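K.L.:
Have a look at this one.
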Amino acid sequence: MNARKRRRIAFVAALLLGGAGAAVLVISALQDNVLYFYSPSDVVNKHVSAGTAFRVGGLVEPKSVKKGSGMMMKFVVSDGAHTVPVEYSGDVPSLFREGQGVVAIGRLNEQGVFKADQVLAKHDEKYMPPEVVDALKRSGRWGEGGGGV
């Protein structure tokens, strides 16, 4: 092999190694920032570990909203098969109400209560997040007052 071919091979090898290293860094950074979506059934069946950040969505159970002191609020999110109790301290969206679709972002504590950092509600009466629709369809509860997409 002549010197020119060796330089080319070394250049291509360095380029491939650099690209692979960059890809590993990007994938690692993205995995640290991904928030998975789980329905209440997924939370129960997949045994989501306490402290893991994720999104949970479903319908706010009727008669489950309890206002606490200050801005503290408790409610239950259901997909028809399972429920997840949620605690949230803050302003809820104006469209938040019982029987409507909701997505909460936060972490499950050791007692199985989802401590929400943020609560998102439907932005009009016809929209529901696709993840919530899919979870409700899987549980057989879609169409029971949950609305449509």
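K.L.:
So, in the range 81-115, how many residues would count as being closer than 23 Å to H47 by Cα and surrounded by fewer than 20 Cβ atoms within 10 Å (Cβ to Cβ)?
P.N.:
Final tally of qualifying residues: 13.
K.L.:
Using beta carbons and a limit of 7 Å, which pairs, at least six apart or on different chains, have the first residue in the range 120-142 and farther than 22 Å from I105 by Cβ and the second one assigned to a loop (DSSP other than H, G, I, E, B) and modelled with pLDDT under 65?
P.N.:
Every condition considered, the pairs that remain are E125/G147; K126/G147; K126/G148.
One line per residue, one yes/no per condition, for (1) modelled with pLDDT under 90; (2) touching a strand residue (DSSP E or B) at 6+ places or on another chain (Cβ under 8 Å); (3) within 17 Å of E131 (Cα to Cα):
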position: N2; (1), (2), (3): yes, no, no
position: I27; (1), (2), (3): yes, no, no
position: V56; (1), (2), (3): no, yes, yes
position: K63; (1), (2), (3): no, no, no
position: K74; (1), (2), (3): no, yes, no
position: T83; (1), (2), (3): no, yes, yes
position: V86; (1), (2), (3): no, yes, no
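K.L.:
Scanning the range 88-110 for residues that are among the β-branched types (V, I, T) and assigned to a strand (DSSP E or B), which turns out farthest from V133 (Cα to Cα)?
P.N.:
I105
The values are calculated or read from the model by the stated rules, or taken from the named source; none is laboratory data. Predicted model only: the values in this text are computed from it and were never measured. With ideal geometry, Cβ positions are generated from the backbone for all residues, glycine too; neighbour counts draw on all protein chains shown.
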